[in-house]
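Below: one structure, written as structure tokens.
The values are calculated or read from the model by the stated rules, or taken from the named source; none is laboratory data. Note that the coordinates shown come from a computational prediction; the quantities given were computed from them, not determined experimentally. So basically every Cβ, Gly included, is an ideal-geometry build from the backbone, and we count neighbours across all protein chains shown.
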């Protein structure tokens, strides 16, 4: 009985997951190169909302998500709901970096968690957060090397994939130019083997 229920759940997830993702806006990019399983993507400039929170990697990710979700669900100057986009990003960095990608950066005793804003907004039209901890930032266009993976998105899994990404990039015609970042596209209840996770790093041509 349990096996049958699991099979049904897996089939439903397989059918519905592409539909859910198709309805979720992502930052625009163009694939400019491939290195095995790694895509090199050119991203256009974009707006993002971020917050810095203390805690370990996974706890900070959850805490930051809640604060940013509060902002897009209406805790802003116009009480407007802002569409959820993907991914949520996470970056480890010991220095303050206002151009990291939703994003997570370690700095000043905390992590930076970031949501990308829908492309229809400009700095002028985007509702301002009521929570002063939530900051709106403008990100320039950048070239990113990206490695996709599924299943676990634990700190250990992210670290292992990041090592793999940096190793492959180091042996290519591209050079890493910044701190690695992790991107998470799916809600927590997504079956692990259907999850879309990515690790990325800004690169420049050698």
Legend entry - Count - residues of region 5-59 that are in a helix (DSSP H, G or I) and either modelled with pLDDT of 50 or more or surrounded by 12 or more Cβ atoms within 10 Å (Cβ to Cβ) (or both): 10
Inset, instruction - Please work out which residue is modelled with the lowest pLDDT, limiting yourself to region 70-115 and to residues that are within 20 Å of residue 56 (Cβ to Cβ), in contact with a helix residue (DSSP H, G or I) (Cβ under 9 Å, 6 or more places away or on another chain) and not in a loop (DSSP other than H, G, I, E, B). - result: 106
Legend entry - Unmet requirement for residue 113, which otherwise passes all of (1) on the phi > 0 side of the Ramachandran plot; (2) buried (at least 17 other Cβ atoms within 10 Å of the Cβ): (1)
Legend entry - residue 132 being out of contact with any strand residue (DSSP E or B) (no Cβ under 9 Å at 6 or more places or on another chain) and modelled with pLDDT of 95 or more: yes
Inset, instruction - For region 151-174, enumerate the residues that are within 28 Å of residue 73 (Cβ to Cβ) and either surrounded by 16 or more Cβ atoms within 10 Å (Cβ to Cβ) or touching a strand residue (DSSP E or B) at 6+ places or on another chain (Cβ under 8 Å) (or both). - result: 153, 158
Inset, instruction - Quick one: count up the residues across region 175-206 that are out of contact with any strand residue (DSSP E or B) (no Cβ under 8 Å at 6 or more places or on another chain), surrounded by 15 or more Cβ atoms within 10 Å (Cβ to Cβ) and not in a loop (DSSP other than H, G, I, E, B). - result: 1
